[in-house]
Every structure is written in structure tokens, then in C-alpha cells.
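Student: Sharing a structure, written as C-alpha cells. Questions coming.
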Amino acid sequence: MSRADEIFIDTCKNIIENGFWDTELDVRPKWLDGTPAHTVKKFCIVNRYDLQKEFPIVTLRRTAFKSAIDEILWIWQKKSNNVHDLNSHIWDSWADETGSIGKAYGYQLGVKHKYKEGEFDQVDRVLYDLKHSPQSRRIMTNIYVHQDLHEMNLYPCAYSMTFNVSGDTLNGILNQRSNDVLTANNWNVVQYAVLMHMLAQVSGLKVGELVHVIADAHIYDRHVPIVEKILENPKYPAPKFWINPEIKNFYDFTVDDFKLIDYEFTKLEDKIEVAV
């Protein structure tokens, strides 16, 4: 099985066997029928993925590789907060009549800030530092901007990246305040693994380790039986990851510049409802 499968299994078992149930609490999320969506959770899950060894996608079930990349490009490359710039409908529940999700996600990455070196948005600042001062311990992004939270239709879940270069190797830490493990855990890992590969390639670096830190890792009550079934599925080796080696500019990447070779997985028969 892939290393991502092992980590996913361990994470899910830890949550289900040792987690805290919020069944007696008043919770914000609801199911489509209006029923409160309760969870079992673990505080501060930390998972590490060595991107030099394999691409961290689970085989226990399919992770929608192209759609995951489309969303990360929507946020980090297009710096958009409008669902009309996205090719999937995963954000529709949080969009207004114009398609906007408010001052969230891509909007924050696109806001320009003044530095002694010039004016940059957060993504361009990262790109600049990786090329001009890779030894810096200040290469990071943050989209959890308190002054704008009241204008966000959803507070950011994956809210910060910290990058660190050791020699010629790029490592990164993804901080996430909340993670719906069944629907989004491997989705987020795949996205930020791809982002790490993109940034490393255009900066002349090797990709290294992705560390995923989750403050509240949870499984929803209606998801527990699905998770337990998935954990018994067949496991396959990790697929090979291909990134177009010709791309040297971060903003030139498209979804078609990434491929998985020999990706085997078990088809998920159950419909996964998303709590809103």
C-alpha cells in the first residue's frame, strides 16, 4: 500500500478509537435535512509526507486528482474568490448570487503588501524569497486575516503555509484549523504536495517533506460507517507523479501539466454527504 494509505488508516483509527464526541454539544454544521452534524475528533494530528519517496495519494478510495489541482490553482495561481473561475462545484454552497465567497482564500493571497524589496502579494513574495533568499526563515503565507473574517463566507480551513529550504531541498508545513477527514484530508494533502512540486521546480529546488498539522481532525457521525468500510478496502502501491519539466514560471502551469501514472484505487460506492 502507499504511505498515504498507511497515514490515512492510522489517522482514522486514532480518531474513531480515541477521539472526543461532540454529540451533547450545540454544533454549527448541519446536514441537508437540518439535522445537527456531530463529529468525533482528535486534537492536533501531525502527518509527514516525504515527497521524494512517493506522491501522497490514497488508493483506498479515489482522490479526484485533477479537481484537487484545479482548486489549488484557483486559490494560489488565479488568486480568485469566485466559483465561476473554478471547474468544479465544491464551493457552490458558500458562494453568493455573483459566485463570490467573500474576502476568502484566493482573495487574501492576491492582496499586495509593501516590503523594503517592493510590493508583492503573498504568492509572489514566496516566489521572490525562494529565489533570492532561500535561507530565510520568514517564507510563509497566511490567509486567516481577522479584520476580513466578517466578509468571508467560510473561514479558511487550510490557512497557512510555512516554507523552509535546507540546502537545495524545499520543505513545507501546512497548517489547518479544521479538517473533515473523509471528504478533505487526502484532497488537501494532494493539493499541497502538488503546490510543493510547483514551487520547487520554478525555484530550482528539489521537493522535500510536506508536514500536515491539523488542529481539529474530525469524522462526521454519518461518515463513520463509510470510513470503517473504506479502511478494509484493498491497498495498492502509490502511483508515479509527473510534472511537466518544461514549465519554469509558476503562472504557466495548467491542470494538464500534472499526471498520475498507474494510479490504482478502489471505487467508492457510498455517496458522501457534506455538512454545511
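The values are calculated or read from the model by the stated rules, or taken from the named source; none is laboratory data. All figures in this text were calculated on a predicted structure; none of them were measured in a lab. For neighbour counting, all protein chains shown are included, and Cβ atoms are generated from backbone atoms with ideal geometry for every residue, glycine included. Quick note on the areas: whole protein, heavy atoms, side chains included, nothing else; ligands and nucleic acids left out. Shrake-Rupley method; radii C 1.70, N 1.55, O 1.52, S 1.80 Å.
Student: Answer with yes or no whether Gly208 is in a loop (DSSP other than H, G, I, E, B) and at pLDDT 95 or above.
Tutor: No, not satisfied.
Student: Looking only at the stretch 121-142, count how many residues are under 15 Å from Lys78 (Cα atoms) and touching a strand residue (DSSP E or B) at 6+ places or on another chain (Cβ under 8 Å).
Tutor: Count: 3.
Student: Inside the stretch 100-109, can you point out the residues that are assigned to a loop (DSSP other than H, G, I, E, B), over 18 Å from Ser67 (Cα atoms) and either more than 19 Å from the chain's Cα centre (by Cα) or hydroxyl-bearing (Ser, Thr, Tyr) (or both)?
Tutor: Once the filter is applied, which keeps residues that are assigned to a loop (DSSP other than H, G, I, E, B), over 18 Å from Ser67 (Cα atoms) and either more than 19 Å from the chain's Cα centre (by Cα) or hydroxyl-bearing (Ser, Thr, Tyr) (or both), the stretch 100-109 yields nothing.
Student: Can you pull out every residue in the stretch 82-99 that is part of a loop (DSSP other than H, G, I, E, B), over 18 Å from the mean Cα position of the chain (by Cα) and within 26 Å of Ile272 (Cα to Cα)?
Tutor: Passing the criteria: Ala95, Asp96, Glu97, Gly99.
Student: Taking into account only those residues within the stretch 74-113 that are exposed (fewer than 13 other Cβ atoms within 10 Å of the Cβ) and either over 26 Å from Ile247 (Cβ atoms) or small (Gly, Ala, Ser) (or both), which is modelled with the lowest pLDDT?
Tutor: Restricting to residues being exposed (fewer than 13 other Cβ atoms within 10 Å of the Cβ) and either over 26 Å from Ile247 (Cβ atoms) or small (Gly, Ala, Ser) (or both), the top hit is His89.
Student: With a cut-off of at least 3 residues that are modelled with pLDDT of 95 or more, open to solvent by 40 Å² or more (accessible area, probe 1.4 Å) and of a type in the set (Ser, Thr, Tyr), name the strands (runs of 3 or more DSSP E) lying wholly within the stretch 114-198.
Tutor: Fully inside the stretch 114-198 and qualifying: 158-166.
Student: Out of Asp262, Asp257, Asp270, which single residue is acidic (Asp, Glu) and open to solvent by 70 Å² or more (accessible area, probe 1.4 Å)?
Tutor: Going through Asp262, Asp257, Asp270 in turn, the sole match is Asp262.
Student: Give just the number: which of (1) out of contact with any helix residue (DSSP H, G or I) (no Cβ under 8 Å at 6 or more places or on another chain); (2) surrounded by 14 or more Cβ atoms within 10 Å (Cβ to Cβ) does Ile247 not satisfy?
Tutor: Just one mismatch for Ile247, condition (1).
Student: Got a number for residues in the stretch 226-262 being touching a Lys or Arg at 6+ places or on another chain (Cβ under 8 Å) and either in a helix (DSSP H, G or I) or closer than 17 Å to Phe8 by Cα (or both)?
Tutor: So the answer is 5.
Student: May I ask you to list the residues in the stretch 1-36 that are out of contact with any strand residue (DSSP E or B) (no Cβ under 8 Å at 6 or more places or on another chain), open to solvent by less than 70 Å² (accessible area, probe 1.4 Å) and aliphatic (A, V, I, L, M)?
Tutor: Ile9, the sole residue that qualifies.
Student: I'd like to know if the stretch 217-227 contains one or more residues that are hydroxyl-bearing (Ser, Thr, Tyr) and either touching a strand residue (DSSP E or B) at 6+ places or on another chain (Cβ under 9 Å) or more than 30 Å from Lys131 (Cα to Cα) (or both).
Tutor: Taking every residue of the stretch 217-227 in turn, at least one turns out to be hydroxyl-bearing (Ser, Thr, Tyr) and either touching a strand residue (DSSP E or B) at 6+ places or on another chain (Cβ under 9 Å) or more than 30 Å from Lys131 (Cα to Cα) (or both).
Student: Among the residues in the stretch 67-81, are any farther than 19 Å from Ile230 by Cβ, under 14 Å from the mean Cα position of the chain (by Cα) and either assigned to a loop (DSSP other than H, G, I, E, B) or charged (D, E, K, R) (or both)?
Tutor: There is at least one residue in the stretch 67-81 that is farther than 19 Å from Ile230 by Cβ, under 14 Å from the mean Cα position of the chain (by Cα) and either assigned to a loop (DSSP other than H, G, I, E, B) or charged (D, E, K, R) (or both).
Student: Then there is this: Residue by residue through the stretch 30-85, note down the ones that are small (Gly, Ala, Ser) and under 19 Å from Cys157 (Cβ atoms).
Tutor: Ala37, Ala64, Ser67, Ala68, Ser80, listed by residue number.
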